[in-house]
1. How about B:LYS109: which lysines have a C-alpha closer than 19 Å to its C-alpha, ignoring those fewer than 8 places off in the same chain?
2. Run the quick spin-label model on B:ARG273 and A:ASN245: label points 7 Å from Cα toward the beta carbon, then report their separation in nm to one decimal.
3. Using only atoms on other chains, find how many Cβ atoms lie within 10 Å of each Cβ of peptide B:116-126 and report the average.
4. Which of these, A:GLU347, A:GLU174, A:GLU230, has the largest mean-square fluctuation under a Gaussian network model of chain A (Cα springs below 10 Å)?
5. Using the alpha-carbon centroid of each, what span in Å lies between segment B:41-78 and segment B:195-249?
6. Taking the Cα centre of each part, how many Å lie between segment A:39-79 and segment A:222-252?
7. Using square roots of five times the C-alpha gyration tensor eigenvalues, list the equivalent-ellipsoid semi-axes of segment A:1-54 in whole Å, biggest first.
8. Can you tell me which lysines have their Cα less than 22 Å from the Cα of B:LYS264? Leave out same-chain residues fewer than eight positions away.
Amino acid sequence: MNDTAADIVRQSLGRRRRKQTMLKAFGLGAILFAFLMLGILVASLVSSGYKAFTQTVITLEVLVDPEEIRADRLPRGGFDDVLAATLVSRIPQVDPEDRAQMKALEGLLSDGAQFQLRDLVVDDPALIGQVVEITVPLSDPYDQLAKGLIDPLTPEVNRRVKDDEIGYFRTLEEQGLIRQALNTWLLTNADSRFPELAGLKGALIGSAWALLICFAISFPLGIGAAIYLEEFAPRNRVSDFIEVNINNLAAVPSVVFGLLALAVFIGWFGLPRSAPLVGGMTLALMTMPTIIIATRAALKAVPPSIREAALGVGASKHQVVFGHVLPLAMPGILTGTIIGLAQALGETAPLLLIGMNAFITSAPDTPLDSATALPTQIFIWADSPERGFVSRTSAAILVLLTFLITMNAIAIFLRSRFERKW
Amino acid sequence: MVNGEALNMTHTDRIVAQDAPAAAGSKISAQDVNVWYGTAHAIKDVSVEIADKTVTAFIGPSGCGKSTFLRCLNRMNDTIDSAAVSGDIRIDGEDIYARDIDPVQLRAKVGMVFQKPNPFPKSIYDNVAYGPKIHGLARSKADLDEIVERSLRRAAIWDEVKDRLSAPGTGLSGGQQQRLCIARAVATAPEILLMDEPCSALDPIATSQVEELIDELRENYSVVIVTHSMQQAARVSQRTAFFHLGNLVEYADTPQIFTNPQDKRTESYITGRIG
C-alpha cells in the first residue's frame, strides 16, 4: 500500500470520465428525443395541413343575365342559376332539362360562389348584362378530388363524388379553368359550415381580443401583487399562506377556472356568453399566478447592492422599487408575461365552458360579441365530419403554433435586448 | 454614562480611560446601543461619541459587529426585517430613531459608501444626479450640472470621466466605480459619510487613491470607516474603535490604539493573535 495520492487520483480518472461522458450523452439524448418528437408533431401537421393552404378554384366567364338579375331587385336574384347556366355551357354532356344532373352540377361550386357573384354585382350594378370573369372556390368534395384525396377506383357507392360528376370535373379541368390557388379565405373568412369557405378570421380576432383583455387585467394586477409580496409585505404566516396559495393557483386545472368564470362572470355579473371579454377575464385568472411568480423571481434577482445604493442616498421605498428594481427586473417580468400569455393563447378548456366553442360565422366587432378563439376553433373543426376540415384542423394548429413561436421569440428578444449587466 | 467613550461592559472589563471630547462637541452620540438579528445579539451595549470633521475607524475581526453598528447610524438596518435596535443614537443632538424622523431624510444627511462598488446601471451623470434629483436639491439643469461636477471633483474622479459623463457607470474600473459611489454619496450634501470597507474590493493603487480621498473628505465631513485592514485604519483615521464579539472593547486616538492598547484583546488583535 505505497500508492501515492497521485496514483489514487489516476486510478479514479477513468471512472470519473465515464460518468461525465454518460451524463453528457444522457443530456444530449434527452434533447434529441425532444426535438424528434417536435419534428414528428410538426411534420404530421404539415403533411396533413399543407393542403388546406391551397384551395381548388375555378375561373368562369359569367354572363350576368338581365333576365335573371334585375337592377331593381338587387340583391335578390338568381345568381345560382346564372352560375349553373355558365357551367352548362361549358359541360356539353349535361342536359339542362335533367333535374338530377343539374342538381349535381350545382354541387360543383361552393355555396359561397353565388354570394361572391352577388356582392360583385351589388357593388357595381352596371355589370348586369355583361360578361364577368370570376374566380370561385369549388365545393369541398371536388376540392378533395382535385387534391387527389378521393380515389376514383373506390366503388361508386362508397364515393362522395359519383362517376358522372368526376366527368364534369375532368371536362372543366381539360378546359384549363380549374387551378389551385392560395387559400386566403383561411385567414379572411370566419367560420362556415362549408369547409371551402371556413376561415380563422373570427377565431383570430376573438383570440386577439381575449389576449388583450387578459394582458390588460393580469399584467398590472400581477406585477402589483408581486411588488407588494416581494418588497413590502412582512414575512409572516399570512404572507407564507398567500405565497403557497398563489403557487397552488398556478397549478389549478384550467377547466376549474372555466367553471368559476361561468358561475361568476356569466352567472352573477350577467356578462354575455361566448364573449372574448369573458374569455380574457378567465384567462387573466390563469395568467396572473404565472406573472406573479415570474415577477417575484425577477425582483429577487435584482442584486441587493442596487437597493442599498438607492436607499443609501435617501431614496424612499417606492423610489427604489420604481426607479431601480422594477426597470432592472423588467426583462424577466416581460419574459414571464409573454410565456403566460402564450399559455393563455393555447388554453381551450375554460373557453369551452364559457361558450367560446359556438358556431359563429362572423368575426366579432367588439369584445362583447360572440366569438371563438384559435384553440376552440381547432376543437370545433376537429369535431366536424366534413373531410375538408381534417386538413383545415391541421392548418389551424399550424397557425396557432406560428403565433406561439412568434410570442416566444419576442420574449427571447426582449430578454436579450433589455438585459443589463452590472 | 455621560462620558460616551466609557464602556459599558457586561463583565468586569476595565473601563478604558479616554481623552474623549465632550459629548456636546460630538457629531454622533450613541448610548447603550443593542442590536439583535432575531435571537442573535450582534451589538452589546455600545456607547460611542464620534467627532465632527474626523475620520473614525471601526476595526475588529469578522462578525464583530462593526458593520452592523455602522448601519445603525443611517438606519440601514431598518431594511432587515429581523433586525431590532435599541438604545439611543443622536446626530447633532437629535434622536435618529425617534418616531418623527424619516429614514429618507436621515440618509440624505448621512451618506453611505458600500463594500462592493455598486453604481446604478445608468450613466455616470445619472448616478451622481440621482440623489439631488429625488431630494429636489437642484432647481435647474445648470444647478444639477454644477452639483454633479462638484461631487465628481470632490471624489477625485472628475478628470477621468468628464468627457464621458453619459457612459454607463458600470463600465468604469473597480476603483473608479468606488470613487463614483463616493461622488454619489457626497452629491446630496451629507454631513456624515459612512464607509463600509470601501477598499476591500479594490487593488492597492485604487485603494491608495480612495484613502487619499478620505483624508481630503475629512475637511468637510465626519467620516466613519469600517475596515479590515489595520494599516488602513492607522493611515486614514484619527480615532479608532475596536469591536470584538459585539462589544466595543476600546476606543481612542488611533496612535494610542496601535502603539499603546489598554485592553488585552485589542493588543492581541493588532498583533495578529486573534482575528
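The values are calculated or read from the model by the stated rules, or taken from the named source; none is laboratory data. Just so we're clear, the structure is a prediction, and the values are computed from it rather than from any experiment. Because the Cβ atoms are built from the backbone with ideal geometry, glycine has one as well, and the counts that use them run over all protein chains shown. Only protein heavy atoms, including side chains, enter the accessible area calculation; ligands, DNA and RNA are left aside. Shrake-Rupley method; radii C 1.70, N 1.55, O 1.52, S 1.80 Å.
1. List returned: A:LYS317, B:LYS27, B:LYS53, B:LYS133.
2. The answer from the label model is 6.1 nm.
3. Numbers: counts 4, 2, 10, 4, 9, 8, 4, 0, 0, 0, 0.
Neighbouring Cβ atoms belonging to other protein chains average 4 per residue here.
4. A:GLU174
5. First find each Cα centre; the distance between them is then 13 Å.
6. Taking the Cα centre of segment A:222-252 as reference, the centre of segment A:39-79 is 55 Å away.
7. Working: eigenvalues 537, 6, 3 Å².
They are 52, 5, 4 Å, listed largest first.
8. Of all the lysines, those that pass the test against B:LYS264 - Cα under 22 Å, at least 8 places apart if same chain - are B:LYS44, B:LYS66.
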